[in-house]
1. Check whether at least one residue in segment 80-87 is out of contact with any helix residue (DSSP H, G or I) (no Cβ under 9 Å at 6 or more places or on another chain) and surrounded by 18 or more Cβ atoms within 10 Å (Cβ to Cβ), and report yes or no.
2. Let me spell it out: the conditions are (1) at pLDDT 95 or above; (2) under 29 Å from residue 123 (Cβ atoms); (3) surrounded by fewer than 22 Cβ atoms within 10 Å (Cβ to Cβ); (4) in contact with a strand residue (DSSP E or B) (Cβ under 6 Å, 6 or more places away or on another chain), and residue 1 meets all of them except one. Which number is the exception?
3. Which condition number in (1) within 28 Å of residue 182 (Cβ to Cβ); (2) out of contact with any strand residue (DSSP E or B) (no Cβ under 7 Å at 6 or more places or on another chain); (3) surrounded by 15 or more Cβ atoms within 10 Å (Cβ to Cβ); (4) free of Cβ contacts under 8 Å to residues at least 60 places away in the same chain is the one that residue 20 fails?
4. Can we say residue 58 is out of contact with any helix residue (DSSP H, G or I) (no Cβ under 6 Å at 6 or more places or on another chain), closer than 25 Å to residue 202 by Cβ and surrounded by fewer than 20 Cβ atoms within 10 Å (Cβ to Cβ)?
5. Under 17 Å from residue 165 (Cα atoms) and buried (at least 17 other Cβ atoms within 10 Å of the Cβ): does that describe residue 14?
6. What pairs can you find where one residue is in segment 92-105 and modelled with pLDDT of 90 or more, the other is in a loop (DSSP other than H, G, I, E, B) and crowded, with 18+ Cβ neighbours inside 10 Å, and their Cβ atoms are less than 7 Å apart, with a gap of 6+ or different chains?
7. Quick one: how many residues across segment 97-127 are part of a loop (DSSP other than H, G, I, E, B) and either surrounded by fewer than 17 Cβ atoms within 10 Å (Cβ to Cβ) or touching a strand residue (DSSP E or B) at 6+ places or on another chain (Cβ under 6 Å) (or both)?
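The values are calculated or read from the model by the stated rules, or taken from the named source; none is laboratory data. Just so you know, these numbers come straight off a predicted model, no measurement behind them. No Cβ is skipped: glycine too gets one built from the backbone with ideal geometry, and neighbour counts run over all protein chains shown.
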């Protein structure tokens, strides 16, 4: 997950639904990735045991990586390292950054949730985080947000730092314009992909169409 030198692109960072059957979801994932450019897929399973996480990873990780999509584990740097994931995403109440980096090593992705706090983001970036995530920007049906962020935090971050930023929280094809214009490097999306009326392939396609409209499409994006 690198920001281009020109800081000129916005890409999709998909998150899995909070509950899924990996065999069934594999087909949805293949459909989504056929719709256009996607940078990352985060496996975010709550209230399941480790065996379920391992099984989902074994099924879904090869699908993502075959498309050049980074496979990120939510919350669990121990499992991310064990299962050879491309990275881990840690929230405010998860493992400390230093512990996550020690488990993941220097070459894998460690991303950090920062809410609406530039201070927390600076601390994470200075510690070596590969990206920082701000939000929530909009209400979400998936997760109750502890913080409500303003697009200005993205603009400030984009203008003053080189560490990529991810926008999270209730993002759709219709409301994402201000986040793109503010300089978000990645948009993290759940419902607007997996619950899109026309299906996940169309959802990814339509997000990339919006990125292109704002002049920030990834140059190698292709359905």
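1. If we filter segment 80-87 for residues that are out of contact with any helix residue (DSSP H, G or I) (no Cβ under 9 Å at 6 or more places or on another chain), which is where we start, we get none.
The answer is no, given that none of the residues of segment 80-87 is out of contact with any helix residue (DSSP H, G or I) (no Cβ under 9 Å at 6 or more places or on another chain) and surrounded by 18 or more Cβ atoms within 10 Å (Cβ to Cβ).
2. (1) is the only condition that residue 1 fails.
3. Unmet condition: (1).
4. Working: out of contact with any helix residue (DSSP H, G or I) (no Cβ under 6 Å at 6 or more places or on another chain): yes; closer than 25 Å to residue 202 by Cβ: no; surrounded by fewer than 20 Cβ atoms within 10 Å (Cβ to Cβ): yes.
Criteria not met by residue 58.
5. Values: under 17 Å from residue 165 (Cα atoms): yes; buried (at least 17 other Cβ atoms within 10 Å of the Cβ): yes.
Yes, satisfied.
6. 97/129
7. Filtering segment 97-127 down to residues part of a loop (DSSP other than H, G, I, E, B) leaves 105-108, 116-117.
Next cut, either surrounded by fewer than 17 Cβ atoms within 10 Å (Cβ to Cβ) or touching a strand residue (DSSP E or B) at 6+ places or on another chain (Cβ under 6 Å) (or both) only: 105-108.
The total comes to 4.
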